[in-house]
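Report on one structure; see the data block that follows.
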Amino acid sequence: MAQKTSYTVKLTPAQMDAAARILREGNYRPRRVEYALAAAEGTDCQIALYRSGKCLVQGKGAADWITFVLEPQVLGEARLGYEDVLNPEATAPHMGVDESGKGDFFGPLVVASAYVDPAIAKDLQAMNVRDSKTITSDKAAQDLAKKIRARLGDRFAVVAIGPAAYNRLYATMGSVNRILAWGHARAIENLLEKVPTCPRALSDQFGPAQQIQRALQQKGRKIKLEQRHKAESDVAVAAASVLARAGFLAALEKLGAKYGVKLPKGASDQVKAVAGELVRRHGGPALLDTAKCHFKTTDDVLGPFGKTRAGEGLPPAPQRKTFVPRRPAP
């Protein structure tokens, strides 16, 4: 198994100062890294200390630098190689669940689940499986997803909610979080069909955990559900995030081919321009099949053509709740 070559360690302000002093005063070659308080190149590794308190160490010598410099001189404790002892749940049997496409006007919402046990978790960590949002290249995300699928075998599930289905669900549920809960529940249940003994499911915090619990069918209601902020630091959730992203990218490309246009990600001005071209060529109803129509982007696109949602057969804009301050009691 290949040795891991990338490590991220959270440091306190005092530890950041100590690490920065080591980089300044030791035998290191300074580097310029955006958003970093200090950065340098050491023996077979590169170190960057970010303002957020994150220490990123990369390269084939990364493990040695952490073991012989960071741990004894900054952390004052041994962590590397003891992850299973410090956080046994990280590699214990469980599944991670994550989604992609929630903030993209075009394309589906894709939810994926991935199962790990201690052996799988170690292999995924060695592959540097990480939150898909930190992978800037679409090709890199798709390549990593291929490796993850090969390692997991059939111990993952992907649920893709295409735009047409997404718009129907939104019309019924009226909430992105409720759709997310429904998608997470389906991904959990589909994976439980393959790994029925999985005891726990972990996902990022996006709403009350009871939403997922209510969306689960009978076979999924016994699994322990856990939500937490920044759950992508868990290797199972990270794997699910990469699988979901790869599924989203593949579906977006296929959808664009259907309409003879490259559909961009996000909700930028470029997205509006492409959406406008779709409306010009195919009419407003094309958005039902390609986009998440509850986005305000829909109105921004239709407006210049003098079109309305009702006139094009699109669902009405979601009602925005207005805050009305309560009057103090007399």
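Readers should treat all values here as calculations from the given coordinates under stated rules, not as data from a laboratory. Since this is a predicted model, take the numbers as computed values, not measurements. Glycine also receives a Cβ, built like all others from the backbone with ideal geometry; neighbour counts cover every protein chain displayed.
Just the projected area, averaged over all directions, of the convex hull on the alpha carbon atoms of the range 120-270: how many nm²?
Numbers: hull surface 40.1 nm².
Mean orientational projected area (the range 120-270, Cα hull): 10.0 nm².
Computed 3J(HN,Hα) for the range 143-150, one whole-Hz value per residue from the Karplus formula 6.51 cos²θ - 1.76 cosθ + 1.60 where θ = phi - 60°, is 5, 5, 4, 4, 5, 5, 4, 5, glycine and proline marked x. Only the Cβ atoms of Lys and Arg (+1) and of Asp and Glu (-1) were treated as charged; on that basis the dipole of the chain about its Cα centre amounts to roughly 1060 debye. Which entries of K122/K147; K133/K296; K102/K133; K258/K292; K60/K122; K147/K224 have Cα-Cα distances beyond 19 Å here? Among K122/K147; K133/K296; K102/K133; K258/K292; K60/K122; K147/K224, the Cα-Cα distance tops 19 Å for K133/K296; K147/K224. Amide H to amide H distances under 5 Å link G61 with C45, where only residues 5 or more positions off or on other chains count and H is placed in the peptide plane. Near I161, the amide H atoms lying under 5 Å from its own belong to L109, V110, V111; only residues 5 or more places off or on other chains count, and H is placed 1.01 Å from N. Exposure proxy ranking for D138, D104, based on other Cβ atoms within 10 angstrom of each Cβ and starting from the fewest, stands as D138, D104.
Can you give the charge dipole size of the range 88-252 about its Cα centre, rounded to the nearest 20 debye, using +1 on the beta carbon of Lys and Arg and -1 on the beta carbon of Asp and Glu? Intermediate values should be presented prior to the final figure.
Numbers: 23 positive and 16 negative charges, 58 e Å.
Once rounded to the nearest 20, the dipole reads 280 debye.
Site pair S52 and A119 shows an inter-label distance of 3.4 nm when each label is modelled 7 Å from Cα along Cα→Cβ. Sequence-distant contacts, meaning Cα pairs under 8 Å at least 6 residues apart, place the relative contact order of the chain at 18 percent. Return the calculated 222 nm mean residue ellipticity for the chain, to the nearest 500 deg cm²/dmol, obtained by summing -39500 (n - 2.57) across DSSP H runs with n ≥ 4 and dividing by the residue count. After summing the helix terms and dividing by residue count, I get -12000 deg cm²/dmol.
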